[in-house]
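Since the structure comes first, as structure tokens, the remarks are kept for the end.
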Amino acid sequence: MAVEQGLVLIKPDGVVKQISGDVMNRLADTGLHLVGAKMVQVSQELAHAHYHHLKDKAFFKELIDYIMGKLHQRPVFALVYEGESACERLRKAIGATNPEEAEPTSIRGKYGRITSKGVFENVVHASENPKEAEREIKLWFAPQDLIHAMYPTEEKSVEQKVKVWRN
Ligand code: UDP
Ligand code: MG
């Protein structure tokens with residue numbers, strides 16, 4: 001079995017419900033290692049890039065509003081886990097996409113709900129496979145935000161204004 005990475009997002013409904021601690025405890029039971037974590041105020045650009053494969057779905061606009069925190073006024077807590085068969089193990093721990101169909105003891109089964117607009121507020125995202133994980137991790141994290149660079153990197157000179165603390 002190969003070592004893989006998987007992106008987990010605690011979505012704004014999970015953040016507003018203050019269940020990040022329990023989600024992380026449950027994910028710790030997978031035995032995977034946490035190699036990156038940050039709170040993200042999700043831009044429209046990031047939301048569209050993350051869910052680009054669902055752009056033709058009827059629920060796409062609501063899904064974008066949901067992941068951007070427009071329904072809960074909260075950011076996303078983005079996590080990267082690493083270990084053997086990481087994607088499969090994370091997906092098992094979170095449960096099925098539809099919270100009504102998810103194992104009651106899974107994260108989505110325990111905490112998810114379906115809104116009256118039909119959106120699955122299912123608390124967490126986890127990468128479906130290693131290829132998707134690589135695409136997603138590169139969207140959400142820069143190499144220096146992770147404890148090690150799991151994908152090839154290159155040095156690049158960039159001239160940009162960055163925000164620093166005022167003295
Ligand atoms: N989703 C939804 N209704 C659906 C299918 C998906 O609201 O019928 C939302 C749900 O929040 C889900 C996200 O869209 O987590 C991404 O869908 P995907 O099929 O990739 O499911 P996942 O990989 O998150 O289990
Ligand atoms: Mg998916």
**Message:** What does the C-alpha gyration tensor say about the overall shape of the range 72-123? Classify as rounded when a/c is under 1.5, otherwise prolate if a/b is larger than b/c, or oblate.
**Reply:** oblate
**Fill in**
Checked against the positive end of the charge dipole of the chain (+1 on Cβ of Lys and Arg, -1 on Cβ of Asp and Glu, about the Cα centre), the farthest of 130, 104, 15 is 15
**Message:** Is there a quick way to get the dipole size of the range 68-120? I mean about its Cα centre, with the Cβ of Lys and Arg at +1 and of Asp and Glu at -1; what is the value in debye to the nearest 20?
**Reply:** 340 debye
**Request:** Above 27 angstrom, tally the Cα pairs of the chain and express them as a % of all pairs, no decimals.
**Result:** 24 percent
**Fill in**
Ordering 50, 72, 33 by the accessible surface of their heavy atoms, 1.4 Å probe, largest first, yields 33, 72, 50
**Asked** Roughly what would the spin-label model give for residue 161 and residue 40, points 7 Å off Cα along C-beta, in nm?
**Response** 2.5 nm
**Prompt:** Which value in deg cm²/dmol, rounded to the nearest 500, describes the helix-derived mean residue ellipticity at 222 nm for the chain, given -39,500 (n - 2.57) per DSSP H run of n ≥ 4 and division by the residue count?
**Reply:** -8500 deg cm²/dmol
**Asked** Which value, in debye to the nearest 20, gives the size of the charge dipole of the range 115-165 about its Cα centre, when Lys and Arg are +1 and Asp and Glu are -1 at the Cβ?
**Response** 220 debye
**Fill in**
For 117-129, 96-108, ranked highest to lowest by mean beta-carbon neighbours within 10 Å, the order is 117-129, 96-108
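Any idea what the dipole of the chain comes to, in debye rounded to 20, about its Cα centre with Lys/Arg Cβ at +1 and Asp/Glu Cβ at -1?
So the dipole magnitude of the chain works out to roughly 640 debye.
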**Asked** Rounded, prolate or oblate: which fits the range 1-77, taking a ≥ b ≥ c as square roots of the Cα gyration tensor eigenvalues, rounded meaning a/c under 1.5, else prolate when a/b beats b/c?
**Response** oblate
**Request:** Over the range 21-97, calculate the relative contact order: mean separation of alpha carbon pairs under 8 Å at least 6 apart, over the residue count, as a percent.
**Result:** 47 percent
**Prompt:** residue 1 to residue 149: extension gain in nm, 0.36 nm per residue of separation minus the Cα-Cα distance?
**Reply:** 51.3 nm
**Theoretical FRET efficiency, 1/(1+(r/R0)^6), r = Cβ-Cβ of residue 53 and residue 25, R0 35 Å, to 0.05** = 0.70
**Item:** Solvent-accessible heavy-atom area per residue, rounded to whole Å², over the chain at 1.4 Å
**Value:** 62 Å²
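Normalised by the residues of the range 20-167, what does the relative contact order come to in percent, with Cα pairs under 8 Å and at least six apart?
That works out to 22 percent.
Going by the alpha-carbon gyration tensor, a ≥ b ≥ c the square roots of its eigenvalues, is the range 62-157 rounded (a/c under 1.5) or, if a/c is not under 1.5, prolate (a/b greater than b/c) versus oblate?
Since a/c reaches 1.5 but b/c is at least a/b, the shape of the range 62-157 is classed as oblate.
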**Request:** Give the distance, in whole Å, between the Cα centre of the range 1-28 and the Cα centre of the range 125-167.
**Result:** 18 Å
**Request:** Pull up the cross-link candidates among the lysines for residue 117, meaning alpha carbon to alpha carbon under 19 Å and not fewer than 8 places away within one chain.
**Result:** 11, 55, 57, 61, 70
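The values are calculated or read from the model by the stated rules, or taken from the named source; none is laboratory data. Note that the structure is predicted; figures quoted are calculated from it, not measured. Please note: Cβ atoms are built from the backbone with ideal geometry, for glycine as well, and neighbour counts cover all protein chains shown. The protein model used for the area step is the full one, side chains on, heavy atoms only, and it has no ligands, DNA or RNA in it. Shrake-Rupley method; radii C 1.70, N 1.55, O 1.52, S 1.80 Å.
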